[in-house]
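Step one of this worksheet: look at the structure below.
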Amino acid sequence: MSDDIKPDDRQPLWFLILFAVAVGGGAIAYVPFLTVLLPLKITSLMGGEDVVSLARVTFYGAIIASLANVVFGLVSDWSRTRRPWIVFGLISSGVLLIWIGQATSLFELIAAVMLWQLCLNMMLGPLLAWAGDCVPDSQKGLLGGLLSVAPALGAMAGSLVTFEGFVAEEYRTIAVAIMVAALVLPVLVLGGGRERSALMQPSHQKRGRSVADRTSRSIVVRMWLSRFLIQISEAGLFAFLLFWLRSILPDFHENTSANIFSIVLIISIPLSLIMGRWSDTHQRPIAPLVVCAALAAVGLVVMAFSAELPLAITGYVVFGIAASIFLSLHTSQYLRVLPKPQHRGRDLGVFNLTNTVPSIVMPWLTLSLVPGFGFSALFLLFAALAALAAVLLVTTPKHV
């Protein structure tokens, strides 16, 4: 626990839960749309599947998302307030999502998606920075465990809005906007005044140690690179899981693939909570990240050498659970190493590049390796990247 954090400065469990639910609302804002609703919208506009148009929309949107997350994190630093930007982003992104559902041309769709990404990151950037203002180091493991519900909520929302007969096609984006508001608003309404003054001081002042010792650039870079390396693997499996499974069993059903993905996310939630709580109790924030990165590498090696479906699925489950836990816990622990709360929003925007850049890098790796060497070569590369992430973290100073 930080020296300046008193026991009564710890956040109540209800606030941590509401915050995690709000982050889940953020996931619902983009997961169903980018994975299901956007491809369907393009199909309806173009009269059939159009991979090139989808690639253009997602590529431009990813660039805007990357820039906007940094910009609005920086703006929330300058204004010294987070919640108003979260509210503005929530409202404007919801309105734009509904507009996207009504778009009548590809040009209008691209413009709407770019504006939507801008406003969505007006909400997402300051939201995570707000956690850094409120949650002490002694609870960051628990927060990370709770954040594991976010991807599961995003996946479940995608299934819900596309469930046959549950929501009419023309109302799907409206349903998503309503769900997002329902999950994000409670913490904004009830969470006012929960910032902690000790968390607003640069860490070298807060802990009485030199900046070089406590928050050196190398520590931040190690944390950034380790997530980036794991995210490349995660993005690759997210995009090509079904293709890989069908390379082993040609008639493997897409619904089974989706079910495996959902099961992995669900199993990771209690395990993330257990490991996050353990890291708080034993004051070992990095240890679970090292273990998960190493296990992710093991799972990828198993996948690389799997010729039979049961072993292949086992390898993916090991990788998927380990990667999911890693990403959830890493998000909260990264807040620990940022040296200057006055730049927390900006720095977390840079951190967010670990989520967006891999989606740009990964397709090039796949096209370079899979046609000539198969998925085994790609998974061995991913395993090497995950192992490197573990090495970067295991050599991180113990006092982090």
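Residues considered: Ala294, Ala323, Ala307. Of these, the only one that is outside any helix (DSSP H, G or I) and either surrounded by fewer than 22 Cβ atoms within 10 Å (Cβ to Cβ) or within 19 Å of the chain's Cα centre (by Cα) (or both) is Ala307.
Yes or no, residue by residue, for (1) closer than 20 Å to Ala129 by Cβ; (2) in contact with a helix residue (DSSP H, G or I) (Cβ under 6 Å, 6 or more places away or on another chain):
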residue	(1), (2)
Leu13	no, no
Ile17	yes, no
Ala22	yes, yes
Ala29	yes, yes
Phe33	no, no
Val36	no, yes
Leu40	no, no
Val52	no, no
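All of Leu128, Leu106 fail the test of being over 17 Å from Ala177 (Cα atoms), aliphatic (A, V, I, L, M), buried (at least 20 other Cβ atoms within 10 Å of the Cβ) and out of contact with any Pro (no Cβ under 8 Å at 6 or more places or on another chain), apart from Leu128. The residue that is surrounded by the most Cβ atoms within 10 Å (Cβ to Cβ), counting only those in the stretch 344-387 that are of a type outside the set (Gly, Ala, Ser) and touching a Ser or Thr at 6+ places or on another chain (Cβ under 8 Å), is Phe382. The residue pairs whose first member lies in the stretch 163-190 and is assigned by TED's automatic domain parsing to the domain that holds Trp14 and in contact (Cβ under 8 Å) with a residue 60 or more places away in the chain, whose second member is outside any helix (DSSP H, G or I) and of a type outside the set (S, T, N, Q), and whose beta carbons are closer than 9 Å, counting only pairs six or more residues apart or on different chains, are Ile174/Val167. Applying the criterion of being in a loop (DSSP other than H, G, I, E, B) and in contact with a helix residue (DSSP H, G or I) (Cβ under 6 Å, 6 or more places away or on another chain) to the residues of the stretch 95-135, the residue that is farthest from Asn69 (Cα to Cα) is Ala103. Of all the residues in the stretch 240-266, those that are at pLDDT below 80 and touching a Ser or Thr at 6+ places or on another chain (Cβ under 9 Å) number 4. Each residue in the stretch 264-283 was checked for being free of Cβ contacts under 8 Å to residues at least 40 places away in the same chain and within 22 Å of the chain's Cα centre (by Cα), and 1 pass.
For the condition in contact with a Phe, Trp or Tyr (Cβ under 8 Å, 6 or more places away or on another chain) and of a type in the set (Ser, Thr, Tyr), what is the one hit in Ser159, Ser105, Ser93?
Checking each option against the conditions leaves just Ser93.
Taking the listed residues Leu146, Leu153, the one that is assigned to a helix (DSSP H, G or I), among the aliphatic types (A, V, I, L, M), within 9 Å of Ser332 (Cβ to Cβ) and out of contact with any strand residue (DSSP E or B) (no Cβ under 7 Å at 6 or more places or on another chain) is Leu146, with no other qualifying. Would you mind stating whether Pro270 is farther than 21 Å from Val302 by Cα and touching a helix residue (DSSP H, G or I) at 6+ places or on another chain (Cβ under 7 Å)? No, not satisfied. Would you confirm, using the coordinates I've provided, whether Leu392 is without any contact (Cβ under 8 Å) to a residue 12 or more places away in the chain and touching a helix residue (DSSP H, G or I) at 6+ places or on another chain (Cβ under 7 Å)? Against the criterion (without any contact (Cβ under 8 Å) to a residue 12 or more places away in the chain and touching a helix residue (DSSP H, G or I) at 6+ places or on another chain (Cβ under 7 Å)), Leu392 does not qualify.
The values are calculated or read from the model by the stated rules, or taken from the named source; none is laboratory data. Keep in mind the model is a prediction, meaning the values are calculated, not measured. Because the Cβ atoms are built from the backbone with ideal geometry, glycine has one as well, and the counts that use them run over all protein chains shown.
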